[in-house]
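Okay, so here's the structure we're looking at.
FYI, it's all coordinate maths here, none of it is from the lab. Keep in mind the model is a prediction, meaning the values are calculated, not measured. All Cβ positions, even for glycine, are placed from backbone atoms using ideal geometry, and neighbour counts span all protein chains on display.
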Amino acid sequence: LGCGGGGGFDFFGFGGGAVFPIDSDEFVALLVEKEMDHQPQRGYLEKLELGGLECSWRKDAIDWICKVHSYYNFGPLSLYLAVNYLDRFLSSFNLPHDESWMQQLLSVSCLSLATKMEETVVPLPMDLQVFDAEYVFEARHIKRMELIVMKTLKWRLQAVTPFSFIGYFLDKFNEGKPPSYTLASWC
Amino acid sequence: MDGEEAPPGALNLADYAPAGARTVDCFRRIRKIGEGTYGEVFEAMDIITGERAALKKIKLDDGKEGFPRQILREIKLLKKLDHENIIRLKEIVVSPGTAHGAGGSDDYMYRGDIYMVFEYMDHDLKKVLHHSTPSQVKYYMEQLLKGLHYCHVNNVLHRDIKGANLLISGGGKLLKLADFGLARPFTRDGSFTNHVITLWYRPPELLLGATNYAEAVDIWSVGCIFAEFLLRKPLFPGRTEQEQLSKIFELCGFPNEENWPGVSKLPLYKTIRPTTPTKRRLRDIFHNFDSHAVDLIDRMLILNPTERISAHDALCAAYFITKM
């Protein structure tokens, strides 16, 4: 099923009722509100600052995710989403202390989910495991971990990200004119 | 549900809590209502609220891609689309499953199926396709096009518009588009029954092997359904792709560079040969029908996809403006 990104919303009254165009203040207000649902649990930052298990898991996981991300040349949104899933998961899950394999499995699963959400060409989970693979997981194990991640995130994978706001602010900076090349290159 | 409902017609940003928190045990199964690509569909009742729902079971096998991307995409789309003529995904529940430990901490290792919980609809359009009154037809067509217009504005192609994917409720008053994403089946068992049914509504550009296509593919299917309403039988009931094309060309004329610039470059164009009458004679089979309806069908079933009418323009057509 085809699904392009972005896309403005027009004012045809076919749906009936009020319609917010994608760049309206109301739409952005709604985004800000919804963004709250896509953030790590309270206290996560403090946990990270204390340098607990989450902190080392996060560092290693992001390290690995970034390497694979650049290896496959994925887009910026799938990197952002993978880390968003990772943070939200780490903030709401009690990590087992003696399972270092799970950290790797979690990294693979977050990246795998993010690419399936965003990328047009998606490598198989087996093929994602290209760097420093101390453990290599079979697809069925990754599937199970993906399910656990999705369940923990309450199936809210379509996260509101900074990318969701770019169009709105570009429009504001440029007083409604299409962005110039110079402006776009700064973003 | 938490949060406010998005205004009708706007992109739905509301998520579906407490999705994932509940298991399928929260529902009482009433009966099996269908078979999807990934598993069965059940009518069920929410034990707590008493609300009826349709549960689509997604059987997860141990495929190579982990959690199927197709399903992830369908969930993503359904959560994004919020329109009165598009089926609403209420939540996702998992089967309780059995603990499946991999060395000690087994609580979080479960293996199970997931269920997509949809609002309940009475039946599909297939059931009424061959016996609807002209005013009902207009009513269904309008809702179908409104739902489709909303999809197209949001850059979503349905790609499998057919009677079985259009659901009816409210005593025939409400039509909703359903089955997003699972529509394109990659059947593992090699059966192609599904394939044949879909074939009847497949546009010429896809049959000719185009890989670069747009909204017009859905409009062709809508045109076929519209025609089927009037004729009370399928318009192009082909059994093979080859036969499908001949049936289309027989009524719509043979495509050439003149009526469809670029057609000769499509991968399968060279494999087709003109059948004897190559002139368009689609209107001839509708000579006893409402001329506004026939005009609209004629504009939906134009061979060249770039000339085919859009959902928006179709809704503005004389057919919808004139009263019965």
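From the square roots a ≥ b ≥ c of the eigenvalues of the alpha-carbon gyration tensor of region A:42-187, which class results: rounded (a/c under 1.5), prolate (a/b over b/c), or oblate? Here region A:42-187 falls in the prolate category.
Modelled spin labels at B:His287 and A:Tyr71, positioned 7 Å past Cα toward Cβ, are 6.9 nm from each other. 3J(HN,Hα) along region B:116-124: 8, 9, 10, 4, 7, 10, 5, 7, 9 Hz, from the Karplus curve 6.51 cos²θ - 1.76 cosθ + 1.60 with θ = phi - 60°, whole Hz, x for Gly and Pro. Modelled label positions at A:Trp101 and A:Leu170, each set 7 Å beyond Cα in the direction of Cβ, lie 4.5 nm from each other. The simple spin-label model puts a point 7 Å past each Cα toward its Cβ; for B:Thr23 and B:Ser169 those points are separated by 2.7 nm.
Proximity of backbone amide H atoms, modeled 1.01 Å from N, is registered between B:Ile58 and B:Ile114, B:Tyr115, B:Met116 at under 5 Å, excluding neighbours fewer than 5 places apart on the same chain.
Applying the Karplus relation 6.51 cos²θ - 1.76 cosθ + 1.60 with θ = phi - 60° to region B:162-177 yields 3J(HN,Hα) values of 7, x, 5, 9, 10, 9, 10, 8, x, x, x, 8, 10, 10, 9, 6 Hz, where x marks Gly and Pro. Name the shape class, rounded, prolate or oblate, that the alpha-carbon gyration tensor gives for region A:98-142, where a ≥ b ≥ c are the square roots of its eigenvalues, rounded holds for a/c under 1.5, and otherwise prolate holds if a/b is larger than b/c and oblate otherwise. Prolate is the answer for region A:98-142, as a/c is 1.5 or above and a/b outweighs b/c.
Residues whose amide H lies under 5 Å from that of B:Glu91, counting only those 5 or more places away or on a different chain, are B:Val117; hydrogens are built 1.01 Å from N in the peptide plane.
From least to most packed, judged by other beta carbons within 10 angstrom and beginning with the fewest, B:His130, B:His152, B:His83, A:His97 follow the order A:His97, B:His130, B:His152, B:His83. Counts of other chain beta carbons within 10 angstrom of each beta carbon in peptide A:136-147 average 6.
Would you work out if region B:212-324 is rounded, prolate or oblate? Take a ≥ b ≥ c from the square roots of the eigenvalues of the alpha-carbon gyration tensor; rounded if a/c is under 1.5, else prolate when a/b is larger than b/c, oblate otherwise. Since a/c reaches 1.5 and a/b is larger than b/c, the shape of region B:212-324 is classed as prolate.
Lys and Arg at +1, Asp and Glu at -1: add these up for the other residues within a Cβ distance under 13 Å of A:Thr120 and post the number. So the surrounding residues net to +1. Distance cut-off 29 Å, Cα to Cα: go down the list B:Lys59/B:Lys127; A:Lys59/B:Lys90; A:Lys151/B:Lys126; B:Lys233/B:Lys323; B:Lys32/B:Lys90; B:Lys247/B:Lys270 and report the pairs above it. Over 29 Å apart, Cα to Cα: A:Lys59/B:Lys90; A:Lys151/B:Lys126. Counting Cβ atoms of other protein chains within 10 Å of each residue's Cβ and taking the mean over peptide B:156-168 gives 1.
Each residue in A:Trp101, B:Trp200 was given a count of other beta-carbon atoms within 10 angstrom of its own, and listing them fewest first yields A:Trp101, B:Trp200. Here the residues A:Glu46, B:Glu307, B:Glu119, A:Glu54, ranked from fewest to most Cβ neighbours within 10 Å of their Cβ, fall in the order A:Glu46, B:Glu307, B:Glu119, A:Glu54. Averaged over peptide B:67-78, the number of partner chain Cβ atoms lying within 10 Å of each residue's Cβ comes to 5. For B:Glu228, the shell of other residues with beta-carbons less than 11 Å away shows a net charge of +4, using +1 for Lys and Arg and -1 for Asp and Glu. With a sphere of radius 9 Å drawn around the Cβ of B:Gly238, what net charge do the other residues whose Cβ falls strictly inside it have (Lys, Arg +1; Asp, Glu -1)? Counting the neighbours of B:Gly238, the net charge comes to +1.
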